[in-house]
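Right, one structure below, let's go through it.
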Amino acid sequence: IEDAVRLNASGVAYSILVGAEFERDTILGLTQYIDEEERYGIPVLAVTAIGKEMKRDARYMSLASRLAAELGAHIVKTYFVNEFEKVIESCPVPVVIAGGKKLPEDEALKMAHDAIQAGAIGVDMGRNIFQSSDPISMIKAVNSIVHKNTTVKEALDIFKGKKK
């Protein structure tokens with residue numbers, strides 16, 4: 001926490017593991033972290049994960065996201081799933097999606113597009129950007145989906161260099 005203050009961080013992230021062995025510890029840790037960060041006015045992004053026994057679907061992603069929000073998270077990062085609009089509807093704070101495993105560029109762009117259309121405010125992609133065949137073009141394509149509401153086809157054209 002002191003490091004975040006010293007670095008003048010715009011926000012911090014904390015992961016919770018709902019339905020996993022250390023669920024209680026991560027949830028308690030999140031609440032303590034939120035309490036500390038609130039003293040300094042630093043928003044907390046809760047990163048949701050669910051236990052291996054739980055199906056990665058709208059029901060459990062909604063549960064984990066809502067739980068994080070009700071504990072005081074200012075924004076939630078979760079996985080994109082079928083019926084993602086249910087996750088958005090159940091969560092009272094803004095939601096971004098995790099990029100997840102490396103996908104072909106067209107699939108990653110479709111996932112980003114579908115998440116934004118369902119109500120996510122953004123995406124948090126790592127490997128789908130930096131492991132892309134052209135990371136700069138990929139970030140431009142993702143940016144166009146998030147900030148310019150482009151279609152998947154238009155974003156693919158940006159990625160392929162066919163459109164500025």
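The values are calculated or read from the model by the stated rules, or taken from the named source; none is laboratory data. Because the structure is a prediction, the values reported are computed rather than measured. All Cβ positions, glycine included, derive from the backbone under ideal geometry; neighbour counts span all protein chains shown. What goes into the accessible areas is simple: the full protein's heavy atoms, side chains included, and nothing from ligands, DNA or RNA. Shrake-Rupley method; radii C 1.70, N 1.55, O 1.52, S 1.80 Å.
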For region 11-69, name all the residues that are more than 27 Å from residue 82 (Cβ to Cβ) and of a type in the set (Val, Ile, Thr). 12, 31, 34, 42, 44
Spot the failing condition for residue 76; the list is (1) part of a helix (DSSP H, G or I); (2) buried (at least 16 other Cβ atoms within 10 Å of the Cβ), and only one is missed. (1)
For residue 103, which of the numbered conditions (1) in a loop (DSSP other than H, G, I, E, B); (2) at pLDDT 95 or above; (3) touching a strand residue (DSSP E or B) at 6+ places or on another chain (Cβ under 7 Å) fails to hold? (3)
Looking at (1) assigned to a helix (DSSP H, G or I); (2) in contact (Cβ under 8 Å) with a residue 12 or more places away in the chain; (3) over 19 Å from the mean Cα position of the chain (by Cα), find the lone condition where residue 161 falls short. (1)
Out of the residues in region 1-13 that are within 18 Å of residue 78 (Cβ to Cβ) and either open to solvent by 60 Å² or more (accessible area, probe 1.4 Å) or of a type in the set (Gly, Ala, Ser) (or both), state the one that is farthest from the chain's Cα centre (by Cα). 11
Quick check: is even one residue across region 117-133 surrounded by 18 or more Cβ atoms within 10 Å (Cβ to Cβ), in contact with a Gly (Cβ under 8 Å, 6 or more places away or on another chain), polar (S, T, N, Q) and without any contact (Cβ under 8 Å) to a residue 60 or more places away in the chain? yes
Residue that is nearest to residue 114 (Cα to Cα) [pool: residues in region 136-151 that are over 19 Å from the mean Cα position of the chain (by Cα) and in a helix (DSSP H, G or I)]: 137
Which numbered condition in (1) closer than 30 Å to residue 161 by Cα; (2) open to solvent by 60 Å² or more (accessible area, probe 1.4 Å); (3) in contact with a Gly (Cβ under 8 Å, 6 or more places away or on another chain); (4) modelled with pLDDT of 95 or more is the only one that residue 108 fails? (2)
Extreme residue, farthest from the chain's Cα centre (by Cα), among residues of region 42-56 that are at pLDDT below 85 and in a loop (DSSP other than H, G, I, E, B): 53
